[in-house]
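The structure appears right after this line, and notes come after that.
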Amino acid sequence: MRTLIVVDHPDTTSLTHHVARRLADDIAHRGDDVAIADLHAEGFDPRFTLADRQRYSADGPLPSDVEAEQRRLDDVDHLVLVFPVYWWSVPATLKGWIDRVFVHGWAFDDTTVPVTRKLGHLTVHLVAVAGEDAAGFAKRGYDAAMATQLETGVIGYCGARLGARVTVHSSETTSRNELARAVDGAVTSVAAVQVGVPV
């Protein structure tokens, strides 16, 4: 089993990066192949450019950086997105990565009826790090909003399977021990899906 962990945070000492490393260590400990794609360290350009638009309209070649990302995803069974919650969504770099990589022709084909969903080989896990507590998320409907954006709008539309969806809440206000337990819970949730154990 092959897993790619995509992490979006500029600070490698952040809790977000800590979660990504813990996930990678757990997966590697089970004997599975795992890699971390640090979008900031790799310098991924999230801007949807004219070249991306021309490719989307079938008038131009696929940008080489997008092609490289798609090849990397062709070779994995599990994709884990690890990110801080910014304005109740993913950060700009991860949003741009999704915008540019999960495109017509590779992730889906909307010229067919019904739409052809092309990522059936992929299970996508969502691991968010949020400053808000769980009660605040539920009260304001942020969980539902993120589910609509990512689970329905991206994962489901492309035919991928939803794996674990976990949020490490109160990341800036809770104690170290509580944060450690929350991180352990996130790692356990992803592992349970990967090895086929109901959570």
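Taken together, the values in this text are just the output of simple stated rules run on the coordinates, not laboratory data. This is a predicted model, so every value here is computed, not measured. All Cβ positions, glycine included, derive from the backbone under ideal geometry; neighbour counts span all protein chains shown.
The value of relative contact order for the range 2-194, using C-alpha pairs under 8 Å at least six residues apart, is 22 percent.
Each residue of the range 5-12 is assigned a 3J(HN,Hα), and the resulting list reads 9, 9, 10, 10, 6, x, 9, 6 Hz, derived from the Karplus form 6.51 cos²θ - 1.76 cosθ + 1.60 (θ = phi - 60°), x at Gly and Pro. For the pair ASP59 and ASP133, label points projected 7 Å from Cα toward Cβ lie 5.3 nm apart. The C-alpha atoms of the chain define a longest principal axis, and helix 64-74 lies at about 60 degrees to it. Spin-label model, THR173 to ASP32: label points 7 Å out along the Cα-to-beta-carbon direction sit 3.4 nm apart. DSSP beta bridges confined to the chain are antiparallel in about 10 percent of cases. Kindly express, to the nearest 10 degrees and within the range 0 to 90, the angle between helix 15-29's C-alpha long axis and the longest C-alpha principal axis of the chain. Orientation of helix 15-29: about 80 degrees from the principal axis. Spin-label pair PHE48-ASP74: with each label point 7 Å from Cα along the Cα-Cβ axis, the two points sit 2.4 nm from one another.
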